[in-house]
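Below: one structure, written as structure tokens.
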Amino acid sequence: MKQFTLQTRSRTDFIKIDRQVADLVLETGLAEGVVTVFIPHTTAGITINENADPDVTADMELVLDRAVPWEGGYAHFEGNTAAHVKASMVGTSAQVIVSGGKLQLGTWQSLYFCEFDGPRTRQVWVKGISE
Ligand code: ZN
């Protein structure tokens, strides 16, 4: 397994991680197979979505904030229940096919680390499985 560290910049922060994941896939020498991108966190997520218009991730942040407001009379003592709920809505991993040593993402797709309780230092774990 490979991993890298990420510094998020604000409470909610979508960060493109294609380059870091692609670099680790190259390091492993994986040519044909599948790579899993997983995060060991309960208040962040991983998703794949549009990379061309930054308004798309901004709108996703807005929709998630509307669906799960930060203040909600929640019970959890840490006060970050909204981040936990968003993390479960988005999920903590993604799989991408690798062919020719490259991530097979669509033209308009990127992998995003989704911070919901930042700023924090975060880990991303990457594991390739050969075909
Ligand atoms: Zn918590």
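Once phi is turned into θ = phi - 60°, what whole-Hz ³J(HN,Hα) does the Karplus curve with 6.51, -1.76 and 1.60 give for every residue of the stretch 59-68, x standing for Gly and Pro?
5, 4, 4, 4, 5, 5, 5, 5, 6, 9
Skipping prolines and chain starts, which residues have an amide H placed within reach, meaning under 5 Å, of the one on Arg11, given they are 5 or more residues away or on another chain?
For Arg11, whose amide H was placed from the backbone, the distant partners under 5 Å are Gly118.
Roll a 1.4 angstrom probe over the protein heavy atoms and tell me the percent of accessible area of the chain that is carbon or sulfur.
Roughly 53 percent of what the probe reaches on the chain is carbon or sulfur.
Where the Cα atoms of the stretch 42-87 are projected onto their three principal axes, how long is each span, largest first, in whole Å?
Dimensions of the stretch 42-87 along the principal axes of its Cα atoms: 38, 19, 11 Å.
Write out the chymotrypsin sites (Phe, Trp or Tyr not before Pro) in the stretch 78-131 meeting two conditions: DSSP loop, and at most 14 other Cβ atoms within 10 Å of their Cβ.
Taking the stretch 78-131 and a limit of 14 other Cβ atoms within 10 Å, the loop chymotrypsin sites (Phe, Trp or Tyr not before Pro) found are Trp108.
Could you order Arg19, Arg120 so the one with the most accessible surface comes first? Probe is 1.4 Å.
Sorted descending by solvent-accessible area, the residues read Arg19, Arg120.
Would you give the gap between the C-alpha center of the stretch 59-86 and the C-alpha center of the stretch 1-41, rounded to a whole Å?
What the calculation gives is 25 Å, centre to centre.
Rounded to whole Hz and in sequence order, give me ³J(HN,Hα) for the stretch 75-89 from the Karplus expression 6.51 cos²θ - 1.76 cosθ + 1.60, θ = phi - 60°, writing x for Gly and Pro.
8, 3, 5, 6, x, 10, 4, 4, 5, 4, 5, 4, 4, 6, 5
Just the accessible area per residue of the stretch 2-130, please: how many Å² with a 1.4 Å probe?
Value for the stretch 2-130: 53 Å² per residue.
At R0 = 30 Å, how high is the FRET efficiency between Gln104 and Leu62 if r is their beta carbon distance? Nearest 0.05 is fine.
0.50
Between the helical axis of 18-28 and the dominant principal axis of the chain, each derived from Cα atoms, what acute angle in degrees is found, rounded to the nearest 10?
40 degrees
The values are calculated or read from the model by the stated rules, or taken from the named source; none is laboratory data. Since the structure is predicted, the reported quantities are computational estimates derived from the model, not experimental observations. Using ideal geometry, Cβ is built from the backbone for each residue, glycine included, and neighbour counts are taken over all protein chains shown. When the accessible area is computed, the model is the full protein with side chains, heavy atoms only, and any ligands, DNA or RNA have been set aside. Shrake-Rupley method; radii C 1.70, N 1.55, O 1.52, S 1.80 Å.
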